[in-house]
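Bear in mind these aren't lab numbers, they're just calculated from the coordinates by the rules spelled out. Just so we're clear, the structure is a prediction, and the values are computed from it rather than from any experiment. Here the Cβ is made from the backbone with ideal geometry for all residues, glycine too, and neighbour counts use every protein chain on show.
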Amino acid sequence: MSLTQEILSQLPGDVFSRLKNADYSWQQLRHNNTQFTEIVKQGNESLQCLDFDVCICGGTLGILIATSLQLQGWKVAIIERGILRGRDQEWNISRQELQVFLELDLLSETEIEQAIASEYNPARVSFHQGYELWIQDVLNIGISPVYLLEKLKQKFLDFGGKLLENTNFNGATVYNNGVKVQLGENSLTTRLLIDAMGHFSPMAKQARKGAKPEGVCLVVGSCAKGFENNDTGDLIASFTPILNQCQYFWEAFPANDGRTTYLFTYLDANPERFSLEFFTEEYLRLLPEYQNISLEKLQFERFLFGFFPSYKDSPLKMPWNRILPLGDSSGSQSPVSFGGFGAMVRHLKRLSLGINEALKLDLLNKQDLALLQPYQPNISVTWLFQKTMSIKINQKADPNQINNLMSAVFTVMNNLGDEVLKPFLQDVIQLGALSKTLPLVNPKFVLPLLPQVGIPVLADWLIHYVNLGLYSGLYPLGNLLKPVAKNLSPEQQYYYHRFLDSWQYGSGNDYHG
């Protein structure tokens, strides 16, 4: 019996079987055996009546946008295949990012404080045989998903929202004036269908035609009690060179019921890549050295594991009218992040106001909805970072080349100050910070990576970098046009607002530290 099987078998809920199931999905992806079903169909006629303005598939993060739209007066339904309940594992975020819940009247200040299950300072960034720094107030807030989702769920229901729990989404037919959503033997109709079912949404799979992702973030971790020191965290840390054609990175967060530690790595979906079970075994092998504690002293509360695909063709543009992907379904997160809660919160206000405007004007065709998930050059430039932190399966590399590069980059950013460092650690890339950092990074750590990265990737990155500069200039210019925009037609104002949003978020100007 492996160490993984021995420890996971001691936990309730048949955790080892869940790991094997996740591993099967990861194997299917590596071997390009992912099947997709024609779950969305096209109808030619019109629906006689519409039950809802908006139907959201996937309630875990869909409840955020659903509650906001319900509060704005729309008739909203949520379809959730289980019970809409937050997981026990906390979501880490920075405090200033929580202000959007106040701005949208989703939570009061008191409710936000009650949602905070843990808080710590400082957090560390550290690399093997390299640089170490400590920073305050970044991802140092642990939100209780159980409390947050229950509070939003109750508010959603109090304002007349319809919640269909233990209900499977079986398919959708798009008509001229709405969408018919099939729920087993039952169905409902809606003006707009929102896909919030995550990375492996059947609608997203169909839209991508089963395409293989260009990048993957593999993650395993646990929450455990027994750590003697639990008042600081790690945002990204490494203490090993390249192993098994991967650079291992770690995260650690104090939690309300213990300490959460993650092991993650960036790779491609090559068939020769190792399994999640192997990665969990590596996690358990290295955890004692990472946290300076023996496994025997730890009481494991839960284990976490999964893989997060990322596609260069993102955000996803749905090929159908009246269907909008949100969150991980859209692929709008950075390829160096896990997506999920943080990415949804960042775009919550923009999407809430944009969807509200689209519904008012009935601008629900695929071209108009695509403007709600625009190209963002500040996310696209991070593909180069993901490439420099990964190693191809047959590539020969200096065992410490990634650690050396990361040390060099973070040394420069830390010297430039928090205005450069903090946005980057929160997955926000800005032209000024990037342009200050890159020229100061020691070329001896950059030049050896050029053959690994390749000319096409560098050329593609350069285009996104130029666009980052363009968007950075267009956003203040667009703001100057606000008085003129008031004279436009409502439809023209919708387009103006969407372009202004794309320039703001695409240049990182939505960040407020």
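Could you check what % of the DSSP bridge pairs in the chain are antiparallel, to the nearest 5? Don't jump to the answer; show the numbers that get you there.
On the way: 49 of 71 bridges.
Of the beta bridges lying entirely in the chain, close to 70 percent run antiparallel.
Could you work out Rg/(2.2 N^0.38 Å) for the stretch 105-184, with Rg from alpha carbons only?
This ratio for the stretch 105-184 stands at 1.81.
How long, wide and thick is the chain, going by the Cα atoms along their three principal axes, in whole angstroms, largest first?
65, 53, 48
Once you order the gyration tensor axes a ≥ b ≥ c over the Cα atoms, which shape class does the stretch 322-404 get: rounded for a/c under 1.5, otherwise prolate or oblate by comparing a/b with b/c?
Prolate shape, in that a/c is at least 1.5 and a/b is the bigger ratio.
Quick one: grab the alpha carbon gyration tensor of the stretch 227-344, order the square roots of its eigenvalues as a ≥ b ≥ c, and give me rounded if a/c is under 1.5, else prolate or oblate depending on whether a/b is larger than b/c.
Here the stretch 227-344 falls in the prolate category.
List the trypsin sites (Lys or Arg not before Pro) within the stretch 398-506 that DSSP assigns to loop and that have no more than 14 neighbouring Cβ atoms inside 10 Å.
LYS486
Filter the cross-link list LYS360/LYS422; LYS209/LYS387; LYS41/LYS387 down to pairs whose alpha-carbon distance in this structure exceeds 31 Å. Don't jump to the answer; show the numbers that get you there.
Values: LYS360/LYS422 37 Å; LYS209/LYS387 24 Å; LYS41/LYS387 37 Å.
Beyond 31 Å between Cα atoms: LYS360/LYS422; LYS41/LYS387.
Let me know the Kirkwood hydrodynamic radius for the stretch 378-506, please, with Cα pairs as the basis and the value in Å to one decimal.
After inverting the mean inverse Cα-Cα distance, the result is 16.8 Å.
Find, among the trypsin sites (Lys or Arg not before Pro) in the stretch 338-404, those assigned to loop by DSSP (not H, G, I, E, B) with at most 12 other beta-carbon atoms within 10 angstrom.
When the trypsin sites (Lys or Arg not before Pro) of the stretch 338-404 are filtered for loop state and at most 12 Cβ neighbours within 10 Å, LYS396 remain.
Starting from the Cα gyration tensor of the stretch 85-228, take the square roots of the eigenvalues, sort them a ≥ b ≥ c, and report rounded, prolate or oblate (rounded when a/c is under 1.5, otherwise prolate if a/b is larger than b/c, else oblate).
Here the stretch 85-228 falls in the oblate category.
Taking 0.36 nm per intervening residue step and subtracting the Cα-Cα distance, what contour gain separates ALA397 from SER46 on full extension? Before the final figure, lay out the partial values.
Values: separation 351, 0.36 × 351 = 126.36 nm, distance 5.93 nm.
That works out to 120.4 nm of additional length.
Which of HIS512, HIS464 has the fewest other C-beta atoms within 10 Å, and how do the rest follow up to the most?
Ascending Cβ contact count within 10 Å gives the list HIS512, HIS464.
Quick one: helix 276-291 against the long Cα principal axis of the chain, what's the angle to the nearest 10°, folded into 0 to 90?
Taking the Cα atoms of the chain, the angle to 276-291 is about 60 degrees.
Once you mark the GluC sites (Glu not before Pro) that are in a DSSP loop and have at most 14 other Cβ atoms within 10 Å, what is the longest gap between them in the chain?
Working: sites that count: GLU38, GLU45, GLU165, GLU185, GLU228, GLU272.
Excluding the exposed sites themselves, the longest stretch runs over 273-513.
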